[in-house]
1. If you add up the charges near Arg11, with Lys and Arg at +1 and Asp and Glu at -1, over every other residue whose beta carbon is less than 13 angstrom from its beta carbon, what do you get?
2. 5 Å is the cut-off here: which amide hydrogens, built 1.01 Å from N in the peptide plane, fall below it relative to Ile184, excluding neighbours closer than 5 in sequence?
3. Given contacts defined as C-alpha pairs under 8 Å and at least six residues apart, what's the relative contact order of the chain, whole-number percent?
4. Among 230-242, 248-260, 76-88, how do they line up from the highest to the lowest mean number of other beta-carbon atoms within 10 Å?
5. Sorted by average packing, counted as other Cβ atoms within 10 angstrom per residue and highest first, what order do 166-177, 46-57 take?
6. Explain nothing, just the number: relative contact order of segment 10-85, from Cα pairs under 8 Å at least 6 residues apart, as a whole percent.
7. When the helix-only estimate is applied to the chain (DSSP H runs of n ≥ 4, each -39,500 (n - 2.57), divided by the residue count), what is the mean residue ellipticity at 222 nm, nearest 500 deg cm²/dmol?
8. With a 1.4 Å probe and all protein chains left in place, how much of the accessible area of the chain comes from carbon and sulfur atoms, in whole percent?
Amino acid sequence: MRTQVVTGRKRLALIGANGMLASMVIKMTPPDFEILAFDLPDFDITDREQVLRMMQAARPQVIVNCAAYTNVDGCESQEELATRVNGDGPGYLAEAARGCGATLVHVSTDYVFDGRKQTPYTEEDPPNPLSAYGRSKLRGEEAILASGLERFFILRTSWLYGPGGKNFVETIARLASERDELRIVADQVGTPTCTEDLAKAIFNLLHLAEVAEKDTRPAPYGIYHFSSAGHCSWHQFSLEILAQLRQAGIPIRAQRVVPLLTREYPLPAIRPHYSVFAKEKYQQATGAPIPPWQESLGRYLSVYHRQ
Ligand SMILES: NC(=O)c1ccc[n+]([C@@H]2O[C@H](COP(=O)([O-])OP(=O)(O)OC[C@H]3O[C@@H](n4cnc5c(N)ncnc54)[C@H](OP(=O)(O)O)[C@@H]3O)[C@@H](O)[C@H]2O)c1
């Protein structure tokens, strides 16, 4: 019997392929991967039979799940739908990954925590979500953990922004060009994360797993926290966005950014007051540098921001 040497690229099934993070994953994909894109309306992660059948047909080596119901406030009135998309869907993907021997990368959130800590959250800290979105995302993590899949990364991230999505940076830039004064919450502290950095982190972890498996060492699968380095409030984030826009010579109308308390700006979903991540696990595993949030913001504004 002749052995056929397959030199083809690794197939990466990208789920939620039309979303903000997924568009950056496509851009940052190393050349040894071939992207197979899946999203609504042709592919629905809440349809277990469809997920299993289509992943079986595609036979990916890697599944990256960027699909989610991400309207945090909308989840409060649509918790059943949020739970199906964010809670059940990842479980079906894990089942499919197990069936075709693929590694699953799933993206989760800082909103699984209640924010009562005052020091950075580690992967061992117990989650306690305050919102329907947080509960649904935690359920997705639990579904993966319960699936029996061994090759998975659950990558929790926070305050994500990037091109191709509705993001805080663009909202602030637009408002600052329209208004004299912005009013921004100052008592929620976290860390902004640019999709470019997160997409790199995804491929760093996949590379690590591949190298470990080739060396027949145990690959460091599991839960990881990833955001930029440092922390700030939404108010401080806004000030930095305006400062960098001004520095780039972009005219800004807003003269003042007034700090608000969360209770002065009530929204349907309760957010954690503090959701900074400890990222030592990721750093020790990959050895990769994590840029400060101000530096990543500067890169985003110079490369992706459009007036
Ligand atoms: N954005 C943030 O600030 C943030 C923070 C922390 C973590 N995260 C996590 O990061 C990941 C990526 O977020 P993102 O901001 O890039 O999301 P996004 O732009 O909202 O993209 C999500 C994609 O998933 C698709 N989708 C929704 N329901 C689906 C279903 N049932 N089946 C298949 N696809 C479906 C959406 O399609 P439609 O647009 O047609 O619905 C969209 O294309 C998510 O897991 C999110 O929870 C985000």
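The values are calculated or read from the model by the stated rules, or taken from the named source; none is laboratory data. These numbers come from a predicted model, not from an experiment. Methodologically, a virtual Cβ is constructed for each residue, glycine included, from the backbone with ideal geometry; neighbour enumeration extends over all protein chains shown. Just so you know, the surface numbers come from the protein's heavy atoms only, side chains and all, with ligands and any DNA or RNA stripped out. Shrake-Rupley method; radii C 1.70, N 1.55, O 1.52, S 1.80 Å.
1. Here the charged neighbours net out to +1.
2. HN-HN under 5 Å from Ile184: Val258, Leu260.
3. 20 percent
4. Per-residue Cβ counts within 10 Å, averaged per peptide and sorted highest first, yield 230-242, 76-88, 248-260.
5. Top to bottom by mean Cβ count within 10 Å: 166-177, 46-57.
6. 42 percent
7. When only DSSP H runs of four or more count, the value is -11500 deg cm²/dmol.
8. Carbon with sulfur: 51 percent of the solvent-accessible area.
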